[in-house]
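The values are calculated or read from the model by the stated rules, or taken from the named source; none is laboratory data. A quick note: this is a predicted structure, and the numbers were derived from the prediction, not measured. Heads up, the Cβs are rebuilt from the backbone with ideal geometry, glycines too, and the neighbour counts pull from every protein chain shown.
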Amino acid sequence: MKNYNLDFGSIRNNKGNYDIVNSYTDEYIPCNCSFEMADIYLNRIYNGDIVLLRKLKEMYKCIKLEGIQKPLPAKRTRELKINDVIIWNYGYKSQVIEIKQSKTGKSYKVLLKSLEDGFIRERTLRAETLVAIK
């Protein structure tokens, strides 16, 4: 079984500080901290400190999308509201029209209207999935 904690690393941001990224999942945590602090975070993450990782993810809710240079603010699917605008890879946007929770509460069926072509589509998203918002 692969240990995804080992795929985390730090990168220098445009402010001269460091952020934490997962090279396997493209997960992005914009800590904006010093190199020393990033090193401390990474050592704890490598050693399996899942609690720290969850706290960092919750404090800095951002995701990096393909085709967009900077990280965008994000919400969990369960926090979405009607009329929220979701941003997808390459900057495509959709507006939330309707949200239905599954029986178990682990996923949501979200009715989305594309702001590119106007079509309405249904997507199933897990409750904990981060989606970029405008």
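Of note:
- In the set 56, 52, 65, 42, only one residue is outside the structural domain of residue 9 (by TED's automatic domain parsing) and either aliphatic (A, V, I, L, M) or in contact (Cβ under 8 Å) with a residue 40 or more places away in the chain (or both); that residue is 65.
- For the stretch 68-126, residues that are in contact with a strand residue (DSSP E or B) (Cβ under 8 Å, 6 or more places away or on another chain) and either free of Cβ contacts under 8 Å to residues at least 12 places away in the same chain or among the polar types (S, T, N, Q) (or both) total 11.
- Residue in the stretch 62-74 that is within 20 Å of the chain's Cα centre (by Cα), over 22 Å from residue 14 (Cα atoms) and assigned to a loop (DSSP other than H, G, I, E, B) present: no
- Total residues in the stretch 80-122, condition assigned to a strand (DSSP E or B) and surrounded by 15 or more Cβ atoms within 10 Å (Cβ to Cβ): 13
- Among the residues of the stretch 86-96, just one is farther than 12 Å from residue 111 by Cα and of a type in the set (Val, Ile, Thr), namely 87.
- Flag if residue 57 is surrounded by 13 or more Cβ atoms within 10 Å (Cβ to Cβ), in contact with an Asp or Glu (Cβ under 9 Å, 6 or more places away or on another chain), assigned to a strand (DSSP E or B) and among the basic types (Lys, Arg): no
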